[in-house]
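Worksheet: one structure, shown below.
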Amino acid sequence: MNPFFPGYTRKQMTAGILRIGLVSAYSILMVCAVALIRDYPPGHIFDRIVPYGIPPLLSFVCAAFLSIFVLTLEQTRTESLLFAVICTAFAVLNADILLIGIITDPQVALMISRIDHFFLVIILLGANLHLTFLVCDKKNQWWVVQLAYAIGLCMAPLTQTSFYFQGVYTYYWGFFAQKAILYDIMSALWLAGTAYCIAILWQARRQTIDPHKKDTIKYLILGFVCAGVLSLTNTPAIYGYEIYPLGTFIFISLLLLAYGLYKYNMRIAVQQLRTVLFTIGHLILLSGIGFLPWLILADRRQPLAVFAGILLVVLFYKPVQSAWDAVLNLMIRRSSDRIQTEYYTLTVRLSGIHHIKAIYREIRDWLFRVLANSRCAMFFYDADTKTFSGWRAWNPHHDAGFFRAAADQPDKETTWQIPPEHPVLNKILSESPAIITRPVIDRWMAGSALLPDGEDWLQEAGVIVPIYSRSRLISILIIGGKETGRSYTGSEKQMIRNLGVVLGPIIENARIMERLERLVEKRTGDLNFALADIRKKNEDIVKNHSLIKKQNHIFLSLLDTSTKIHAIGEFEELFAFTISHLKSLFPDLGFGIIFEGERAGVFETGAFAGITEPERNILLKMMKHLTAPDIDQRIKQDMPDNESADQPRGAENRNSFWTILPMQGRDERVIGKMVIKGSRPDPFTLNVISIFLGQVSSAAQNRLLLRRLETMAGTDGLTGTANRAFFDRAYEKALKRARLFPDVHFSLFIIDVNGLKQINDQYGHAKGDEMIRDVAGMLKSICRETDVLSRIGGDEFALLLPSTDSGQARHVAKRIREKEKGLTLTCFDKNGDTVYMPVRISIGTAGSDETPPEKVSKLADDRMYTDKKLYYQRVTRGPDTRNDPLAGKS
């Protein structure tokens, strides 16, 4: 608080001084303008204003009005002061353009332009950046703002020289300044500063998640873009081209900026606008009435006309005021009338409330909504403890003027107790005032030994209302200052005082009703206790009956699954059947089976019910860590908060508990996991699920053994790899899994042995078979247990890699190429000399992550033929000694 002006903060004082300064500056500007054009005839002035002077006139009026008007909306914000200063700069600029369009002396026009740009250079660059940094809450790079102000201060004196403006041009709309080198520099800095402001605002809009702030920044970006575009249209005129400068329409940009900054203060703005309209309309009507005698009476009766005009103004002052106020009420309702209506509604609602806390909440919500105060607290006297205790809360819309619909302060309700020794409480008890305003609180605190404390709501109150009943203090209502920094009006203070009088009997009635309710609750408590045993016994009977019924249903399901589960041939059908039975028994839970099969950590197949696709994808990504002790927390951290604005799944994900049970084979090896989503399973539920899991694990183990037998039966006799029929079945299963789980990819290699026919022709088929076996052995040394290596033709192999994307497959291809370098076939030529023939293969690979699963085989085959073609092209050019280091004879 300001010690010289109690009740006003330093920023309020600054806003008031700036408002007075602006009014004074505009008054001086108007006097100077009148002095400059007083010798010109009215017809000349009218012809110069209409039509080319109308845009700068509108921009001047709009900028001047906004510069004063915004300081009455949010007096405690630095942003308001900066925006007012920016508006002032544009007001002076457009006054300059308007005047130099009227006057005919080029030297006077040049002087006006130089004086205008003196203030424009000082203010505009630094103020624009300063406002943008505050709006975006930018914490760093403030040196840019300081540099902008420094540049303005250094450049301002130079605007009065010919290095800035060297003269004026004469156009059809009037004079316009002729630029020099320093103007070019300053113009470039303004343009760069505007672009930098737009970039900062755009980045802040992308980073914020607050929709209100996004909307506000959107209008600020539009305002700066509009200002930049309009300012650029002044360039042709200042460079000597007779094109009307559209920068005179700058009021469009100012209105966009004002709307973005103050749209959440529209109610206050409308009331301020009503005050302005009321004052202007009242003066115009009275002026018209005062000038009536001048129009009616002859020239020789001028003294009588003056007397009659003054008399009419005095007589009609109040009637005109009332009539004009009534007309304005049809369009904009007076704030005091609205508050009075709201007050009557509040008293009616309070009369129907019979609980102390409900009274507090009703008053709190009413004050926040109607008076827009920052905080509210209400304390009630407790005769047992002899203390005042109660509740307090911040206005959830506190500080919402610029961006937010919610406050930085916590909006939750908290309890608080007034210390018995507090000086303000002792003053209230001793003096019994009806209402305590901010200046009185400051005076009381100045005489106490307490240090300033922001957490002490009695010290920080805007108004304190003691509430009495039968001359006893029973409650204290604390109302914080207004969120806009404005003081409470006289009518508002009177309404608050009346509220304190009304609340006394209402609080007393509420205390009586609460005591009666407690008595009734005590009497009915005995009846409820007596009925509790009967209710509990009935619940136990119903619960036991439901439990028996559920156990019977589970027993029948176990019998049904045990007979059917071993008759299912495919893993997918086996798991889907098990999951559907579990879901029917426990509809509130979600289930999933992740089957790894032969190799731990590699997904082979699975089934899910009651688990969403995003959840399923996260589970598959975390498959290797599902047995970790903290897996529930890990899953919740990776889950999205919500999937859409209309489906609040975030709360469901946070409240769900994830349970993981291992699927074990006969050798105690984990072959998969069962996932349970929902509430934490009780022992009975967990036991039932474990029985189902044991059955499906045993059946899955049998399927694995059967698959090994099928693999042995489907083995190629020459190479020991799988044959073509086995591969076709495995590939069909891979396609089916890819369709069922699109995020689990597979890769396929098509491999062909190069030069087999030449080996057969030159060294015999035995050497050709040896060459095929060497390639198969090399490929088997690289394969994993889950990979399927098949000989699908005479010299052609297929390698199927489950749970492998194309990027991982490329690493496997590199390993094959490294192994390939060591493959050499030992042969003997016609002379009996030993020949070491390098064995080379052509490889084509494709993955289901780069092409639809149905096209993987075709893509891999095409790539293999491309690789083979490149190989034979190299062979025809000569020996490939880099790839065949062992080529040649021994």
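The values are calculated or read from the model by the stated rules, or taken from the named source; none is laboratory data. Worth saying up front: this structure is predicted, and the values here are computed from it rather than measured. In this analysis, Cβ positions are derived from the backbone assuming ideal geometry, glycine residues included, and neighbour counts consider all displayed protein chains. Protein only, heavy atoms only, side chains kept; ligands, DNA and RNA dropped before computing areas. Shrake-Rupley method; radii C 1.70, N 1.55, O 1.52, S 1.80 Å.
Averaging the sequence gap over all C-alpha pairs within less than 8 Å and six or more residues apart, then dividing by the number of residues, gives region 691-769 a relative contact order of 13 percent.
Of the options Met30, Ala461, Val753, report the single residue whose Cα projects farthest towards the positive end of the charge dipole of the chain (beta-carbon charges: Lys, Arg +1; Asp, Glu -1). Highest projection toward the positive end goes to Ala461. Counting only protein heavy atoms and a 1.4 Å probe, region 85-238 has 43 square angstrom of accessible area per residue.
Given a 1.4 angstrom probe, what's the average accessible area per residue across region 759-867, in square angstrom? Working shown, then result.
Details: 5120 Å² over 109 residues.
Spelled out: the 1.4 Å probe surface of region 759-867, per residue, equals 47 Å².
With r defined as the distance between the Cβ atoms of Gln166 and Arg206 and R0 fixed at 51 Å, what FRET efficiency is calculated, to the nearest 0.05?
According to the calculation, E is roughly 0.70.
The alpha carbons of region 300-352 stretch over 71, 20, 10 Å along the principal axes, in descending order. Relative to its Kirkwood radius, the Cα radius of gyration of region 326-399 gives an Rg/Rh of 1.11.
Projecting label points 7 angstrom from Cα along Cα→Cβ for Arg784 and Arg739 puts them 2.5 nm apart.
Per residue, how much accessible surface does region 677-729 expose to a 1.4 Å probe? Answer in Å², no decimals. Write down the numbers at each step before the final one.
Numbers: 2600 Å² over 53 residues.
Here the per-residue accessible area is 49 Å².
Under 5 Å from the amide H of Ile611 lie the amide H atoms of Phe591, each residue being 5 or more positions distant or on a separate chain, with H modelled from the backbone and absent for Pro and chain starts. Eigenvalues of the Cα gyration tensor times 5, then square-rooted: what semi-axes does that give for region 730-816, in whole angstrom, largest first? Over the Cα atoms of region 730-816, the semi-axes work out to 30, 13, 10 Å.
For Ser469, nonlocal amide neighbours, meaning residues 5 or more places apart or on other chains whose placed amide H falls under 5 Å from its own, are Ile474.
Mind checking Rg over Rh on region 16-102, alpha carbons, Kirkwood formula for Rh?
Reported Rg/Rh, Kirkwood definition of Rh: 1.05.
Convex hull volume per residue, computed on the Cα atoms of region 438-527, equals 170 Å³.
Taking amide H as placed 1.01 Å from N in the peptide plane, the amide H of Gly462 sits under 5 Å from that of Ile479, Gly480, Gly481, each at least 5 places away or on another chain.
What ranking do 118-127, 587-596 get when scored by the average of other Cβ atoms within 10 Å per residue, highest first? Could you put the intermediate results ahead of the total?
On the way: 118-127: 22.0, 587-596: 20.5.
In descending order of packing, they fall as 118-127, 587-596.
Couplings 3J(HN,Hα) for region 188-198, derived from phi with the Karplus relation 6.51 cos²θ - 1.76 cosθ + 1.60 (θ = phi - 60°), are 5, 5, 4, 5, 5, x, 5, 4, 5, 4, 5 Hz, where x marks Gly and Pro. Give the angle, between 0 and 90 degrees and rounded to the nearest 10, that separates the Cα long axis of helix 143-155 from the longest principal axis of the Cα atoms of the chain. Here the helix axis deviates by roughly 40 degrees. A simple rule links phi to the HN-Hα coupling: the Karplus curve 6.51 cos²θ - 1.76 cosθ + 1.60 with θ = phi - 60°, which for region 412-427 gives 6, 7, 10, 8, 7, 9, 7, x, x, 8, 5, x, 5, 4, 5, 5 Hz, with x for Gly and Pro. Judged by the mean number of other Cβ atoms found within 10 Å, the most tightly packed of the peptides 445-455, 162-172, 820-830 leads the ranking 162-172, 820-830, 445-455. Note on region 778-863: percent of Cα-Cα distances in each 10 Å bin, starting at 0 and stopping at the bin with the largest distance, equals 14, 43, 26, 11, 5, 0.
Three principal axis extents describe the C-alpha atoms of the chain; from largest down they are 144, 96, 55 Å.
Helix-only mean residue ellipticity at 222 nm, the chain, DSSP H runs n ≥ 4 weighted -39,500 (n - 2.57), per residue, nearest 500. What is it? Show your work: numbers first, answer last.
Details: 27 runs with 519 residues, N = 890.
Rounded to the nearest 500, the figure is -20000 deg cm²/dmol.
In the chain, the longest principal axis of the Cα atoms and the axis of helix 251-262 are about 80 degrees apart.
Heavy-atom surface analysis with a 1.4 Å probe gives the chain a carbon and sulfur content of 61 percent of its accessible area. To the nearest 10 degrees, how steep is helix 571-585 against the longest Cα principal axis of the chain, on a 0 to 90 scale? With both axes taken from Cα atoms, the answer is about 50 degrees.
Label-to-label distance for Lys138 and Ala323 is 5.5 nm, based on points extended 7 Å past Cα in the beta-carbon direction. Taking all Cα pairs closer than 8 Å and separated by 6 or more residues, the relative contact order of the chain comes to 6 percent.
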